[in-house]
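The structure appears below as structure tokens.
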């Protein structure tokens, strides 16, 4: 399978994962947590050279899923509390995740301790920035918070940071396991030189 085909398959899988999990995001008690943050991080790693069109495509997909999820409830998309002007802060927030994955890819040579350390550091940093932009934009710009204060923002930020980081890390960890497993399977499938 050539690189373009591999990337197309990965893009399709990531899009399917986002559709399957994000459509529940508005219910907050979904059986499966929203994988969107991890999707953008993983896409940054695997689709690094396709960023000019793959990132906008995934962004459009996220908005389309939100639109369908909101309007299926009989609500006006543009009047919903989740889609205040702060909603558009998701673009730089998700781009931070994309860049985190892209940074890991730019330094990646093989699956080893160094790569794992960079992955963990990049995932933590990009998730912190993503949460800062998405939650900060919502807190300070939307009409959902009547009297915003720095103390109130900080409490909200810290209350939600670890749950979002945990969910993102679980999905990225599963992707890492799949990555190592596929790499091992490919290595074992290659013809081995005969001894002798």
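Any read-out appearing in this document is the output of simple, stated calculations on the displayed coordinates, not a laboratory observation. Not measured: the values here are computed from a predicted model. Note that each Cβ is placed from the backbone with ideal geometry, even for glycine, and that neighbours are counted across all protein chains shown.
Collect the residues in region 58-107 that are within 15 Å of residue 18 (Cα to Cα) and touching a residue at least 24 places away in the same chain (Cβ under 8 Å), keeping them in residue-number order.
Here is the first cut: in region 58-107, the ones within 15 Å of residue 18 (Cα to Cα) are 58-69, 90, 94, 97-98.
The answer is 58, 59, 61, 62, 65, 66, 68, 69, 90, 94, 97, 98.
This table checks each residue for (1) surrounded by 12 or more Cβ atoms within 10 Å (Cβ to Cβ); (2) under 14 Å from the mean Cα position of the chain (by Cα).
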| position | (1), (2) |
| --- | --- |
| 129 | yes, yes |
| 146 | no, no |
| 149 | no, no |
| 156 | yes, no |
| 169 | yes, yes |
| 172 | yes, yes |
| 185 | no, no |
